[in-house]
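Trainee: My questions all concern the structure below.
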Amino acid sequence: MYIYTPFIVLILCVLSCKKDEALPTTPIVGLGGETWTKGPLDFWVDKNFVEPYNIEVKYKWDPYELNYAKNLVPVLESRVEPVMSAVRDIYIKPYEAVAGADFIKKYSPKLFQLAGSAEYNSDGTIVLGQAEGGRKIVLMVVNQFDKKNVAEVKRMLHTIHHEFAHILHQIRAYPVEWKGLNPDRITATWFNTTDLEANTQGLVTAYAKASPDEDFVETAAILLVYGQAYFDDIVNDFFVPESSKKILRQKEAIIVDYYKRVYNIDFRKLQEATRLAIINFTK
């Protein structure tokens with residue numbers, strides 16, 4: 001469930017001053033004025049991300065790391081550790097267990113930028129996260145996170161695995177045959193399609209229709225986060241025609257082969273490790 005914030009009110013107070021008053025000398029934040037003392041949360045981030053993986057976690061407000069053209073809410077510090085614990089336990093640890101200790105160190109982006117809310121677009125779509133050139137992953141809706149809410153945990157992990165799959169295919173491209181499976185279903189107006197309609201067309205979600213790249217990472221993320229049984233239910237749905245069932249199975253096979261051939265990862269073991277991690281994290 002999405003929680004919409006209808007508006008944010010900014011109150012600017014303009015105070016008059018006498019001619020003989022000196023101009024303010026307080027440095028501008030970001031130009032020499034951004035200083036703070038590390039607290040327990042910062043030491044926790046250092047211990048769990050900076051020291052073992054050289055991954056920076058930015059939760060303090062920094063408009064230059066976010067889309068300054070959008071209205072975004074700063075992060076509640078109380079949500080940072082639960083969210084990043086999920087990143088560690090359900091994203092990093094399964095990859096470490098299956099792909100080896102150095103995999104995340106080599107391929108993971110070195111910055112996680114957190115935002116309290118989502119980005120809301122004029123077409124009614126919502127941005128929950130994004131990856132930028134392998135350098136960073138932006139996670140949004142952090143203030144809504146509840147580790148006891150399995151659906152919310154899976155939504156967050158869907159975003160992470162979706163964005164990390166983008167990074168992987170940007171490093172080594174997926175097979176070109178993927179783009180020829182159902183190119184007629186790709187559309188910029190994917191948001192006019194429901195997930196069920198997309199399933200009947202051979203795609204795991206409506207957003208998968210946005211581009212072949214989004215199709216690839218959505219399929220990988222669904223298989224990892226929601227699991228094989230969930231994917232099988234999509235394929236076996238009564239309303240999905242045989243032609244689309246075949247396409248979905250072809251895409252599944254391509255992903256399993258891609259992870260093994262390109263990154264030497266047993267995708268089935270990664271699925272199982274992720275499934276168990278979600279269960280242990282949310283219990």
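The values are calculated or read from the model by the stated rules, or taken from the named source; none is laboratory data. All figures in this text were calculated on a predicted structure; none of them were measured in a lab. FYI the Cβ positions are ideal-geometry reconstructions off the backbone, even for glycines, and counts take in every protein chain you see. Side chains included, ligands, DNA and RNA excluded: accessible areas come from the protein's heavy atoms. Shrake-Rupley method; radii C 1.70, N 1.55, O 1.52, S 1.80 Å.
Trainee: How far apart, in nm, are two points set 7 Å out from the Cα along the Cα-to-Cβ line at E77 and at E56?
Mentor: 2.0
Trainee: Against the longest principal axis of the chain, how steep is helix 212-221, in degrees 0 to 90 to the nearest 10, with axes from Cα atoms?
Mentor: Computed tilt is about 90 degrees.
Trainee: Do the sum for the chain: with -39,500 (n - 2.57) for every DSSP H run of n ≥ 4, divided by all residues, what is the mean residue ellipticity at 222 nm, to the nearest 500 deg cm²/dmol? Don't skip to the end; give the middle numbers.
Mentor: Numbers: 10 runs with 115 residues, N = 283.
My calculation for the chain gives -12500 deg cm²/dmol from helical runs alone.
Trainee: Which of the three applies to region 110-186, rounded, prolate or oblate, going by the alpha-carbon gyration tensor with a ≥ b ≥ c and a/c under 1.5 meaning rounded? Can you show the working numbers first?
Mentor: Working: a/c = 1.90, a/b = 1.56, b/c = 1.22.
In terms of gyration-tensor shape, prolate.
Trainee: If you roll a 1.4 Å probe over region 140-276 with all protein chains in place, what percent of the accessible area is carbon or sulfur?
Mentor: Its accessible area is 53 percent carbon and sulfur atoms.
Trainee: Which residues in region 162-206 have a backbone N closer than 19 Å to a point placed 7 Å from the Cα of Y107 along the Cα-to-Cβ line?
Mentor: What the label zone holds, given the 19 Å backbone N cut-off, is 162-178.
Trainee: Rank V150, F281, G124 by how far each Cα sits towards the positive end of the charge dipole of the chain (+1 on Lys, Arg Cβ; -1 on Asp, Glu Cβ) and give me just the farthest.
Mentor: So the residue furthest toward the plus end is F281.
Trainee: Net charge near V50: determine it from the other residues with C-beta under 14 Å of the C-beta of V50, scoring Lys and Arg +1 and Asp and Glu -1. Present the calculation step by step, with values, prior to reporting the outcome.
Mentor: Working: positive: K38, K47, K58, R88, K105, K110; negative: D42, D46, E51, E56.
Result for the neighbourhood of V50: +2.
Trainee: Moving to a separate point now. Only four residue types carry charge here, +1 at the Cβ of Lys and Arg and -1 at the Cβ of Asp and Glu. Report the dipole size of the chain about the Cα centre in Debye, rounded to the nearest 20. Each step should come with its number before you reach the end.
Mentor: Working: 33 positive and 36 negative charges, 98 e Å.
Around 480 debye, computed over the chain.
Trainee: Let me ask something additional. Please give, to one decimal in nm, the separation of the simple spin-label points placed at V127 and K148, each 7 Å out from Cα toward the Cβ.
Mentor: Simple spin-label model gives 3.3 nm for this pair.
Trainee: Can you tell me the orientation of helix 267-282 relative to the chain, as the angle in degrees between its alpha-carbon axis and the longest Cα principal axis, to the nearest 10?
Mentor: Result, in degrees: 50.
Trainee: Which peptide among 99-106, 252-259 comes first, and what is the full order, when sorted by highest mean count of other Cβ atoms within 10 Å?
Mentor: Details: 99-106: 14.2, 252-259: 18.0.
Top to bottom by mean Cβ count within 10 Å: 252-259, 99-106.
Trainee: At 0.36 nm per residue, and after removing the present C-alpha to C-alpha distance, how many nm does the segment from E65 to D237 gain when stretched out fully?
Mentor: Working: separation 172, 0.36 × 172 = 61.92 nm, distance 4.16 nm.
Extra length from E65 to D237 when fully extended: 57.8 nm.
Trainee: Taking the Cβ-Cβ separation of D257 and D184 as r and a Förster radius of 25 Å, what is the calculated FRET efficiency to the nearest 0.05?
Mentor: Details: r = 24 Å, r/R0 = 0.97.
E(calc), rounded to 0.05, equals 0.55.
Trainee: Are any of the pairs K154/K245; K38/K147; K110/K245; K110/K283; K136/K260 more than 32 Å apart by Cα-Cα distance, and if so, which? Don't skip to the answer; put the middle values down first.
Mentor: On the way: K154/K245 24 Å; K38/K147 25 Å; K110/K245 38 Å; K110/K283 29 Å; K136/K260 24 Å.
Violating the 32 Å limit, Cα to Cα: K110/K245.
Trainee: Over the Cα atoms of region 150-197, compute the convex hull volume and normalise it per residue, giving Å³.
Mentor: Numbers: hull volume 5.7 nm³, N = 48.
That works out to 119 Å³ per residue.
Trainee: Moving on to the next point. Where does the Debye-calculated log10 I(q)/I(0) of region 145-226 sit at q = 0.11 Å⁻¹, using only Cα point scatterers of equal weight, no solvent?
Mentor: Summing over Cα pairs of region 145-226 leads to -0.30.
Trainee: Quick one: Cα centre-to-centre distance for region 224-279 and region 120-185, in angstrom?
Mentor: Here the two parts' Cα centres lie 16 Å apart.
Trainee: As a test of understanding, state the convex hull volume per residue of region 169-283 from its alpha carbons, in Å³. Working shown, then result.
Mentor: Numbers: hull volume 12.8 nm³, N = 115.
Here the figure is 112 Å³ per residue.
Trainee: Quick one: work out Rg over Rh on the C-alpha atoms of region 43-146, Rh as Kirkwood radius.
Mentor: Rounded to two decimals, Rg/Rh equals 0.98.
Trainee: Specify the angular offset, from 0 to 90 degrees and rounded to the nearest 10, of the alpha carbon long axis of helix 150-171 from the longest principal axis of the alpha carbons in the chain.
Mentor: Between helix and principal axis, roughly 80 degrees.
Trainee: For the chain, taking Cα atoms only, what is the radius of gyration to one decimal and the Dmax to the nearest whole Å?
Mentor: 21.3, 81
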